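The block underneath contains the structure these notes are about, expressed in structure tokens.
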Amino acid sequence: MDDCQLIIFLKDPKTREPAFNRLVDLYKERLYWQIRRMVLTHEDTDDVLQNTFIKAWQGLDAFRGEAQLSTWLFRIAANEALNFLERKRPAQSIDDEAGAVAEQLESDPYFDGDETELQLQQAIALLPERQRQVFLLKYYDEMPYEQMSRVLDTSVGALKASYHHAVKKIADFFRHHD
Amino acid sequence: MKEEQFIRKLTEGGDGNPFRVPEGYFKSFNRRLNERPEMQRKQISVPHRLWHVAVVVAMVAVLSLPLLLTYFENKIISNARSKMMATASVADEPQYSDDYVYEVMDYAMVGNMEIEDYLTRYE
């Protein structure tokens, strides 16, 4: 079923529920990983992912179909993850934050990474949240800049610059912690 | 980009994804999502909504009927009583027009038999 057909079924009250279940099936895993890399723990990811789909369900009437369903959902997920981090963010120094991330991941039963992977997650966590999103979408999802521009509502040029700076910061982090 | 390659090379020893998901998580996700109160159907079909409105209006009408009857019953009795107890001449007393009385009877759905009963009760 392509986007057009699915949108038709989503707009019709009689077919909305099964169509929405189909939408969830199509996108839940991809959205899960997009969110997980931002918020790190499985429990927090589950909360944000559910909130993403709830927002999508409640916003179905307002969805005009101008954007692709994937872009629309990625945008909701990106905003929900950012909002979650905003609410959760404690007042602490950058060094404390890196330490807090390391501690959190080391004690997380759903984190299997080695020392290098742990350092990478620490470096990513030190990026400003918006820049972190750009890095994650590009580095892990290999999302094209044009699509990312629609998801994050930012120009392609700004995204390229943001990614370039993020990569440099992470590489420098590794060099300083070698 | 050179630095991106540098990062990828550093982490290429691992399997690429250090995060794990609990067993069966994605299988049960839809069910748990649909159990959320926010996911209940928020759109009610028009006929169903009209039915709710009709039920509420009918309940209000049924509950308020005794109150209306009591109100007009008291009004008719007090009017009838003041007429019978008057000592002044008929010409000096305020006269209730037939139209007024008939209107009140209509509201109270009171018939001639009931009127006669009320009037004779206080003789």
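Read-outs: derived from the displayed coordinates by stated rules, not from any lab. Bear in mind the structure is a predicted one, so any value in this text is a computation, not a measurement. So basically every Cβ, Gly included, is an ideal-geometry build from the backbone, and we count neighbours across all protein chains shown.
Things worth noting here:
- Summary of the geometry: segment A:17-83 and segment A:110-169, compared by the centres of their Cα atoms, lie 19 Å apart.
- A simple charge model with +1 on the Cβ of Lys and Arg, -1 on the Cβ of Asp and Glu and nothing else charged puts the dipole of chain A at about 900 debye relative to its Cα centre.
- Only helices reaching 20 angstrom along their own axis (Cα) with mean Kyte-Doolittle hydropathy no lower than 0.0 count here, and for the DSSP H runs of chain A these are A:69-88.
- Look at A:GLU43, A:GLU66 and count the other Cβ atoms within 10 Å of each Cβ; fewest to most, that gives A:GLU66, A:GLU43.
- Pairs beyond 32 Å (Cα-Cα), from A:LYS11/B:LYS27; A:LYS55/A:LYS169; A:LYS28/A:LYS88: A:LYS55/A:LYS169
- For chain A, the relative contact order works out to 20 percent when only alpha carbon pairs closer than 8 Å and six or more residues apart are counted.
- Which of A:VAL39, B:VAL56, B:VAL104, A:VAL151 has the fewest Cβ neighbours within 10 Å, and the rest in rising order: B:VAL56, B:VAL104, A:VAL39, A:VAL151
- Long-range HN-HN contacts of A:PHE111 with modeled amide H, under 5 Å: B:ARG20
- Prolate/oblate/rounded label for chain A (Cα gyration tensor, a/c 1.5): prolate
- Cβ crowding within 10 Å ranks A:MET38, B:MET1 as B:MET1, A:MET38, fewest other Cβ atoms first.
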